[in-house]
1. Quick one: is residue 107 in contact with a helix residue (DSSP H, G or I) (Cβ under 7 Å, 6 or more places away or on another chain), at pLDDT 95 or above and under 20 Å from residue 20 (Cβ atoms)?
2. Within region 113-123, count every residue that is assigned to a strand (DSSP E or B) and farther than 22 Å from residue 66 by Cβ.
3. State which residue is modelled with the highest pLDDT when the search covers only region 64-90 and only residues that are over 12 Å from residue 108 (Cβ atoms) and surrounded by 11 or more Cβ atoms within 10 Å (Cβ to Cβ).
4. Hey, any hits in region 240-255 for a residue that's farther than 29 Å from residue 55 by Cα, out of contact with any helix residue (DSSP H, G or I) (no Cβ under 9 Å at 6 or more places or on another chain) and either surrounded by 14 or more Cβ atoms within 10 Å (Cβ to Cβ) or modelled with pLDDT of 70 or more (or both)?
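The values are calculated or read from the model by the stated rules, or taken from the named source; none is laboratory data. None of the values given here were measured: they were computed from a predicted structure. Cβ placement follows ideal geometry from the backbone for every residue including glycine, while neighbour counts extend to all protein chains displayed.
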């Protein structure tokens, strides 16, 4: 009887956490979109107010992460991404900068970049980035792209199967770390030095993007039959050995995306 009561209680805890995380989603959406979104019809916020909103968003993210980790330590829920009903990550907001929209997710703990395959990479954050396609249907596709904002269900990689159905593209970016050998230099000849691995490991953080390798993005049947999508990591930005906060990591990604968008617009105007 006691064991049955414990089981019922555990199930209650398992349901309570995802419900609470969903309850927090509108707050994250408001905080991040109000602080970060940049639209022609919107007056920019004073820097002090923007900073306060992002600071509150960061505090909420940290507290929720601690809550999930505490529940997981008592085996009330799973953090393993490949397991059904696991809570490996949760939604922490969205924003729109001109035509680029992104939704933001936080992994509760470092998670292997690919499920079931050791790559040495561990992901800590994910951003779903929606951009209009180039061409005649680009403007129409922007409205359809709203469907991707704030998505929290399913593996992000599987969502690429729907890209062909609209006039928008969805790209996936990650904050990851990898442990690489620490190097020192030794002299080879006059004035030349060569790096040599010492055996010690140093943790390096970076932001990169998902490069699908399997299944074929153009074959919907391959996607249906594939249990675990495979992809490579296209490194964009090295952040050094210190883990950035969720707020500063999003700032870094937005800097890269805005630079890319600016270059694209300059080329289009030529």
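1. Spelling it out, it is not the case that residue 107 is in contact with a helix residue (DSSP H, G or I) (Cβ under 7 Å, 6 or more places away or on another chain), at pLDDT 95 or above and under 20 Å from residue 20 (Cβ atoms).
2. The qualifying residues number 7.
3. 76
4. No, region 240-255 has no match at all.
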